[in-house]
1. Return the label of the correct value of Kirkwood radius over Cα pairs in Å, as calculated from the structure shown, out of (1) 20.0; (2) 23.5; (3) 21.2.
2. How tilted is helix 247-264 with respect to the longest principal axis of the chain? Cα atoms for both, answer in degrees (0 to 90, nearest 10).
3. GNM, the chain, Cα, under 10 Å: largest mean-square fluctuation among Glu105, Glu120, Glu136?
4. Do the sum for the chain: with -39,500 (n - 2.57) for every DSSP H run of n ≥ 4, divided by all residues, what is the mean residue ellipticity at 222 nm, to the nearest 500 deg cm²/dmol?
Amino acid sequence: MENQYAIVAEHVAKCYYLYSDAKKRLKSFLLGHGGKPFFALQDISFTLNKGDSLGLVGLNGSGKSTLSNIIAGLSMPTSGIITTNGVPSIIAISSGLNNYLTGRENIELKGLMLGFTMEEIHAMKPLIEEFADIGEFIDQPVKSYSSGMRARLGFAISVNINPDIMIIDEALSVGDSTFTQKCLDKMDAFRQNGKTIVFVSHNAKQVRNFCDKVLWLEYGGIRAFGEAKDVIPAYEMFTKQYSGWTKEQQIAYKDRILQRRQEQMPQ
């Protein structure tokens, strides 16, 4: 049973240091941290088993992408431990592709970085190109792509390298409805095959329909973690209330949460 876990996070924190100007940043680089600490994540603990599909939800700035990058191995936690059982792959609009290479060259680069042989990569190429369905743009530099085309290519590469843990960070928010459904169908097939999925989205309906568990982050901390049927209704009720607040009320709420997090930190 011990090998049934996919992701275990134990008191994970991620701290960044903020500087008022470039001079102080340089001084800190030479002499050590001197900036103001900001915890993008604080005391994050949860466990996912193989085959689980986790929805990561929360207001902007709550640490969803930071946690996604840590799970994917693109960033290291400042403290705490995160353990993944299997090969992770992240699909995000803003990462994973080289802007100066063509789509076809990005397929080769990603494959080589993951340890595939050129023979294996050439065998995967037709499947990736068919799924992405971006036509002649496959031979154009990625910097010329729209956000939708970037998401299509990124998703197509990731699903065809067959990862154990798939992390989707808002990549479905930029495609058309047909492509979104195509991606959701592929994700469901992955889940049925015992793969683990972490789905970052502001679309509560998609999360409710697709995910069995939900982790609700609130400005760096966990507000709720549990079954989707329990967490999503509470999240939807909160976001409806939050959207009705004035900008000043929203800022005041954020300040209260951050102050509470600061008070909970060990001295």
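Values quoted throughout were computed directly from the atomic coordinates according to the rules given, and no laboratory measurement underlies them. Predicted model, so just to flag it, every value in this text is computed and none were measured.
1. So the structure-derived entry is (1).
2. With both axes taken from Cα atoms, the answer is about 80 degrees.
3. Glu136
4. Helix contribution divided over all residues of the chain: -13500 deg cm²/dmol.
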